[in-house]
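Undergrad: The structure that follows is given in the form of structure tokens.
Computed from the coordinates by the stated procedures, all read-outs in this text should not be read as laboratory data. Just so you know, these numbers come straight off a predicted model, no measurement behind them. Virtual Cβ from ideal backbone geometry, glycine too; neighbours counted across all protein chains shown.
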Amino acid sequence: MSSQTTPSNPTVDPYQHLQIALNADGTITRLREVPNTPPTPDPGHPTPVLSKDIPLNQSNNTWVRIFLPKEALDHNSSPKLPLIVYFHGGGFILSSAASSIFHDFCANMATDLHVIIVSVEYRLAPEHRLPAAYDDAMEALHWIKTTPDGWLRDYADLSNTFIMGLSAGGNIAYHVGLRASVETDKLEPLVIKGLILHQPFFGGSQRTQSELRDNDPILPLSVSDLLWELSLPIADRDHEYCNPKVGDGPQLLEKIKLLGWKVLVVGCDGDILFEHQIESVKLMREKGVSVVSQFGEGGYHGVDLSEPAKIKALLVVLKNFILSSLVA
């Protein structure tokens, strides 16, 4: 990793790129209208995947969207389906579990991977800085273990649970995995088999070569810098929420090793976060965690959700990882 702390490219206005405006009270106004997709809970609806929203914590306005392959309704005697607890991307400050890009991706995973998905609507920064999203994520896990929801009760195999997220959601999945590793007894009958970190949003105070290239059209370096500025509880980029190498994370990874969880890290070398992701893989392997890494050439941040061929290839990687984790 480079020790340089060169400023990010000043030609990219991160506020304009993200289409947000900073307010005097520290909140932001989100100017971009992100397309949303409503849930389809009616079994008579002509869709291969049913979905519904259930409140999680009404005081925090958090909720979950559950995705159920409709074919499960016709196979009551079949084995229950693995569960994926999913966290959407958006740099901790944007998007929702209802955002069409994440709704569609979860629906594709539910059908292609034959799984049930609980996608979590967590609180966003800067109105709710980290660790608010981590707290919401843990609350979701505890809700799942005791939920009276019929879909999860009848069709989900809670003993085969995976925690997954993209970008900021991948960061959340990682930190929730660390938290969950020390309270597995409190989560039963929910049993975690693995973590899936999809282009996880990690960082640090030192610039990497992939950051210095600053050629990612989706996540320019100035945008990455602003996202951390708006989401971290303090200004130091070497906070444990940002940099996996500091804080209690390395020690907790040893707990994940003892639990036998597998970890999948997916990314590409065109992502400015690439080297931070590589470093996280190295750290986990040093701690004895069973890690599978899949890094493609080229691409950019979020490419796997933008190009149909990439989505299809990613689903194959996910299916192989889940199957290997279930038989391990």
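Undergrad: For the range 83-159, divide the Cα radius of gyration by the Kirkwood radius and give the resulting Rg/Rh value with two decimals.
TA: With Rg and the Kirkwood Rh in hand, the quotient comes to 0.99.
Undergrad: Where the convex hull is taken over the Cα atoms of the range 163-263, what is its projected area averaged over directions, in nm²?
TA: 6.9
Undergrad: Amide H to amide H, which residues 5 or more places from Val49 or on other chains are under 5 Å from it, using H placed in the peptide plane?
TA: Under 5 Å from the amide H of Val49: Lys70.
Undergrad: Follow-up. Along Cα→Cβ, 7 Å out, is where each label goes; now give me the distance between the ones at Ile54 and Asn215 in nm to one decimal.
TA: 4.7
Undergrad: Restricting the calculation to Cα positions, tell me the Rg (one decimal) and the Dmax (whole number) of the chain in Å.
TA: Expressed in Å, the Cα Rg and Dmax of the chain come to 18.9, 60.
Undergrad: Using just the Cα positions, wrap the range 242-328 in a convex hull and report its mean projected area in square nanometres, one decimal place.
TA: 6.0
Undergrad: So if I average 1/r over every pair of distinct C-alpha atoms in the range 144-186 and take the inverse, what Kirkwood radius in Å does that give?
TA: Radius from the Kirkwood sum: 11.8 Å.
Undergrad: OK, next. Against the 2.2 N^0.38 Å scaling, with N counting residues, where does the range 79-216 land? I'd like the Cα-based Rg ratio to two decimal places.
TA: Numbers: Rg = 15.5 Å, N = 138, 2.2 N^0.38 = 14.3 Å.
Dividing the Cα radius of gyration by 2.2 N^0.38 Å gives 1.08.
Undergrad: Tally Lys and Arg at +1 and Asp and Glu at -1 over the other residues with C-beta under 11 Å from the C-beta of Ser324: what net charge comes out? Don't jump to the answer; show the numbers that get you there.
TA: Working: positive: Lys193, Lys262, Lys319; negative: none.
Net local charge, Ser324 excluded: +3.
Undergrad: Provide the gained length on full extension for the span Asp112 to Asp236, in nm with one decimal, where the gain is 0.36 nm per separating residue minus the Cα-Cα distance.
TA: 40.5 nm
Undergrad: Can you check what the net charge comes to around Lys80, using other residues whose Cβ is under 12 Å from the Cβ of Lys80 (Lys, Arg +1; Asp, Glu -1)?
TA: -1
Undergrad: Run the numbers for Asp104 and Lys312: contour at 0.36 nm per residue of separation, minus the present Cα-Cα distance, in nm.
TA: Taking Asp104 through Lys312 to full extension adds about 73.6 nm, to one decimal.
Undergrad: Another question, if that's okay. Which of Phe201, Phe295, Phe67 moves the most in a Gaussian network model of the chain with Cα springs under 10 Å?
TA: Most flexible of the set in this elastic network: Phe295.
Undergrad: Using 7 Å Cα-to-Cβ label points, what is the Asn36/Val246 separation (nm, one decimal)?
TA: With each label placed 7 Å out from Cα toward Cβ, I get 3.6 nm.
Undergrad: Could you work out the pair-distance distribution P(r) of the range 65-116 from its alpha-carbon pairs, with 5 angstrom bin width and percents rounded to whole numbers?
TA: 4, 20, 27, 21, 13, 8, 4, 2, 0
Undergrad: Then there's this: Could you state the number of Å between the C-alpha centres of the range 121-157 and the range 72-93?
TA: 13
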